[in-house]
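A.B. asks: Below: one structure in C-alpha cells.
Readers should treat all values here as calculations from the given coordinates under stated rules, not as data from a laboratory. Since we're looking at a predicted model, the values are computed, not measured. Here the Cβ positions follow ideal geometry from the backbone for every residue, glycine too, while neighbour counts run over all protein chains shown.
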Amino acid sequence: MNPTFEGLRQVIFEPEERVWIGETPPDLHDRSRTLQSVAVLNSKGWFEETTLPLNPGLVSIIGKKGMGKSALNELIAYAGRGWTDEPGSFIARARASLKGATVVLKWCDGRTSSADINAKGPPEGTEEVRYLSQKFVERLCADPRGDSDLVKEIEAVVFNHLDPSETLNASNFADLRDKKTATVRNEQKRLVSEIKRLHREIDEAFKKQLGLAGRRARREELLRGAAALVEQAPSLESAAEEEAAQRLSEEHKALGQAIATQAGFKDQLLRIADVQQRIRTFQAEMNRFSSTLLADLREIGVSEIELDWFVPSFPGDVETPLVQRLNDFKRRIVELEGDEVEPLPLTIRAHRNRVKELSDAIMADDAKRARFTEIQAALANTDQELHRIDVEIASIEGPEAERLDEMRKQRRAVYVEYFETLKQEQRLLAELYRPLQEQFVTHEEEKKVQFHIRWLIDVDAWLGRGMHLFDQRKSLPCSFEQMKEAVQNHLLPGWSGGSPSELKEGLDHFLKPFPQKGEGIQEILRSNYSPTDFFDWVYSVDHISLAYGLSYQGTSLENLSPGTKGIVLLMLYLAMDAEDRRPLLIDQPDENLDNESICSLLAAYFRTAKVRRQILLITHNPNLVVNTDAEQIVVAECVKDEHGSPKFTYLSGAIEDSHVDGARKTACRILEGGEDAFIRRERRYALRRADI
C-alpha cells in the first residue's frame, strides 16, 4: 500500500490480509524467482530510460488498446526466457525498430538477467518466467479437438504437480502415461493376436466338421462299390480256387494294412518335422524375450548370478528324443518295405510277391484270373480307404469336436479378457489424474472440474464393416436396423465397461439370428468372404477405445466454450501449479469471460495464488483489479511523435492511491465500469460514497 491515510484505512478493513503480529511477516515468495524491477534500455526513445519497480504480489497492468500493456509483459517474458515467437506479437512487429535495445530484469535476491532484442529469435536459456500470452490462450481454448494443445497443456500442469518420485523419470505426461500403460497395452495386443490365431485354428477345425457329411457320403459310396465288385467277380469252380481266393483276399488286406502302417510312419515323420520347427520358433521367441528381459533386469540391479534364473528354457534335451523317434520311424519304414531280393515275411514286398503267386495260381483261365485279381485289389483298396475314413470320422466326432468347442470357449474368454484390460487401463489413467482431483476440493467451483474416461464405441463403423460382408441379394437373418437395435440393446452394455456376464450374454443375443457354429453363414456372405471373416468382424475390438480428459460442470472440455475453457486453464495454473514459483505473466484472461465468472471464481484464485508467486496480469476488467485486491496497478500510456514512433510510459501506484492523477483515479477512467467496481468494493466495508 501507499503510506497514506487511505492505505492505513484499508489495513483496518482487511486486517487478515494486511496485518501480521510477530517478529517478521510471513513471505511465501521465492526471492530468487520474484522480480524486483524491469527496465528497457537503448530503445531509441520507445521506452523511458527508467526502472519500473514491481510488487511481489499481484501487479495489474491496465491501459487502453495500443498503450503498451502487452509490450511490457512480452519484454519481461523475453528477458525471462519465457517468450515464444508468435506472429503478430509486439516483439515480432517491433523487432527491427528495437534492435539493440536491452531488457534488464532485477530479481529480489539481487541477481540481474538481461536480453538484447535481435533478429535471431528469443534468447536461449532456462525459462525463468511463465508467460500466457493472449494468443496462446486463445489458440488453446479455440481448438475443438479432444487431443488439442489445451489438453497437452493441462497434462503438463498435472505432470509438474506430481511428486518427482511418481514421475518414473519420464520427461512429460505422455511419456509417463505410456510407461504406466505399456504393460496393459502390450497385453491388449497379445490378446488381439490370440483371437486371430484362434480364428485360424477354429477355421481349420470347422472345415473338418463341414467335411463330415462328405466323408459319410464317400463311405456309403465305397460300400456300394464294394458290393458291386463282389457281384462282378468271376465264379470260383472248385474248392481249391475258393481256398486260394480266400487266401488272396487275406493277403490283399494284409498288404493294405502294411501300406497303411507305412503311411502312418511317414505321417509321423512330418509331425516330427513340424514339432522341431515349432520348437525352433519358440526358442527364437524365448531368446528375444530373454534379451529384452535381461536388459531390464540389469537396470533394476539383479545380479549376474541371479540372471540365469530368469532365462526360460526346456528342462532337458528336447532334440535327442525327437531325432531318435525320427530315426526309429525311418528304420521301420525301410523294414516294413522289405528287401528287394529276399523280403522278410509280413513286409510290403513279401505281401506283394505273395499276392502275385496266389493270383497266378487261382484260376487256369488267364482272363478270369486277371479279372478276379483286379477286383480283389480294388476291394483291398476300398477296405483301406474305408478304414481311413472311419478313423477320420471318429476323430472329427470325438477329439476334434471337443477341441473345436474348447477353442470357441477360449476365444470367448480371450475376448472378455480384452475388455478387462481396458478396465485396467482405465484405472491406471484415473490414477494419473488423481492429483488433480485431490487438489480441486477447496471450492464448490473446483469440484465441477472432473477427470473422466469415456468408452468410445463407433457402432456405425463396426456395423458398416459387417454389412459389407453380406450378400445383399440374399435373404439375411436380420436387417441393418435390427442389427443396430441388437447392438444398442445387447452389445453396448458389455462394450461400455460392463461385466463379463453382460458381454457374454450380449454376444449370445446378437448372434442368435445367425448359425451359432458357422453352418450356413457362407451362404449369406459374399463369394470372396468366409465364415472366418464373419467371426473376425464379430470379435473385432478396433472400434472400441478409451477417451480421457477433463470435464467442467459435466461437459467435456472439447465441448466447452472458449471462455469456459479459459476458466479451467486458469484454475489449473493458479490453484494446482503450486510448486511453480516463477512469475506468472497473463495477458487479458478476461477477454472471453463474463463478470460473474470473474467475481465468483477467478478473483478468489488470484488472491490465493499471489501469496506464493508473483503475478503480472494484463486486464480490461475492473473486477480483476479490484476484487483481486491487486497490490500494484501499472497504467500503460503511449504517445506518438510526428514520425509515428511510439513512446511508452508506465504509471505505477497502489490500489488506495486516490490522488487526482493516481493509479486508482486513472483506473476508474480507463476501465469500463471501474468506478462502480471500486464502489462495490468499498461497500463491503460499509463506507459512504463521499469517503471514496
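A.B. asks: If neighbour count is taken as other Cβ atoms inside 10 Å, put 387, 161, 351 in order from fewest to most.
C.D. replies: Neighbour counts put them in this order, fewest first: 387, 161, 351.
A.B. asks: What's the magnitude of the charge dipole for the stretch 288-424 around its Cα centre, counting Lys and Arg as +1 and Asp and Glu as -1 at the beta-carbon? Answer in Debye, nearest 20.
C.D. replies: 380
A.B. asks: Find which of 41, 154, 182 sits farthest along the positive direction of the dipole of the chain, computed with +1 on the beta-carbon of Lys and Arg, -1 on that of Asp and Glu, about the Cα centre.
C.D. replies: Final value for the positive-end residue is 41.
A.B. asks: For 12, 279, what's the fewest-to-most ordering of other Cβ within 10 Å of each Cβ?
C.D. replies: 12, 279
A.B. asks: Looking at 94, 300, 644, which one has the Cα that reaches farthest to the positive end of the dipole of the chain (charges on Cβ: Lys, Arg +1; Asp, Glu -1)?
C.D. replies: It is 644, whose Cα lies furthest towards the positive end.
A.B. asks: Taking the Cα centre of the chain as origin and charging only Cβ (+1 Lys, Arg; -1 Asp, Glu), how large is the dipole, in debye to the nearest 20?
C.D. replies: 1680
A.B. asks: A further question on this structure: Of the options 213, 560, 270, report the single residue whose Cα projects farthest towards the positive end of the charge dipole of the chain (beta-carbon charges: Lys, Arg +1; Asp, Glu -1).
C.D. replies: Result: 560, furthest along the dipole toward the positive end.
A.B. asks: How much of the DSSP bridge set in the chain is antiparallel, in percent, rounded to the nearest 5?
C.D. replies: Within the chain, antiparallel bridges account for around 70 percent of the total.
A.B. asks: Could you check the spin-label model distance between residue 509 and residue 112? Points 7 Å from the Cα along Cα→Cβ, value in nm.
C.D. replies: Taking the two extended label points, one gets 7.7 nm.
A.B. asks: With charges set only on the Cβ (+1 for Lys and Arg, -1 for Asp and Glu), what does the dipole of the stretch 189-328 come to about its Cα centre, in debye to the nearest 20?
C.D. replies: It works out to roughly 800 debye.
A.B. asks: Sticking with this one: What number, in percent, do you get for the relative contact order of the stretch 194-431 if the mean sequence gap of Cα pairs under 8 Å and at least 6 apart is divided by its residue count?
C.D. replies: Across the stretch 194-431, relative contact order equals 41 percent.
A.B. asks: If you don't mind, another one. Here are several values of Kirkwood radius over Cα pairs in Å: (1) 34.2; (2) 28.2; (3) 26.1. Which one was derived from the coordinates shown?
C.D. replies: This structure yields the entry labelled (1).
A.B. asks: A 31 angstrom limit on the alpha carbon distance is what I want to check against. Which of 65/565; 196/474; 106/180; 64/99; 135/179 exceed it?
C.D. replies: Exceeds cut-off: 106/180; 135/179.
A.B. asks: Moving on to the next point. Going highest first, how would you order 243-249, 639-645, 331-337 by mean Cβ packing within 10 Å?
C.D. replies: Details: 243-249: 16.9, 639-645: 8.1, 331-337: 14.7.
Descending mean neighbour count gives 243-249, 331-337, 639-645.
A.B. asks: Could you rank the peptides 374-385, 176-187, 293-304 by their average count of other C-beta atoms within 10 Å per residue, with the highest value first? Mind dumping the intermediate values first?
C.D. replies: Details: 374-385: 17.7, 176-187: 14.9, 293-304: 11.2.
Result, highest mean first: 374-385, 176-187, 293-304.
A.B. asks: Over the chain, calculate the relative contact order: mean separation of alpha carbon pairs under 8 Å at least 6 apart, over the residue count, as a percent.
C.D. replies: Reported as a whole number, the value is 25 percent.
A.B. asks: Using the Karplus curve 6.51 cos²θ - 1.76 cosθ + 1.60 with θ = phi - 60°, work out ³J(HN,Hα) for each residue of the stretch 555-560 in order, rounded to whole Hz, and write x for Gly and Pro.
C.D. replies: These are the phi-based 3J(HN,Hα) values: 10, 4, 4, 5, 9, 7 Hz.
A.B. asks: For the peptides 306-313, 204-211, what is the packing order when you average, over each peptide's residues, the other Cβ atoms within 10 Å and list the highest mean first?
C.D. replies: Descending packing order for the listed peptides: 204-211, 306-313.
A.B. asks: Could you work out [θ]222 nm for the chain from helices alone, using -39500 (n - 2.57) per DSSP H run of at least four and dividing by all its residues? Round to the nearest 500 deg cm²/dmol.
C.D. replies: Taken over the chain, the calculation gives -17000 deg cm²/dmol.
A.B. asks: Please list, by residue number, every one of the chymotrypsin sites (Phe, Trp or Tyr not before Pro) in the stretch 1-66 that is coil in DSSP and has at most 16 other beta-carbon atoms within 10 Å.
C.D. replies: Answer by residue number: 20.
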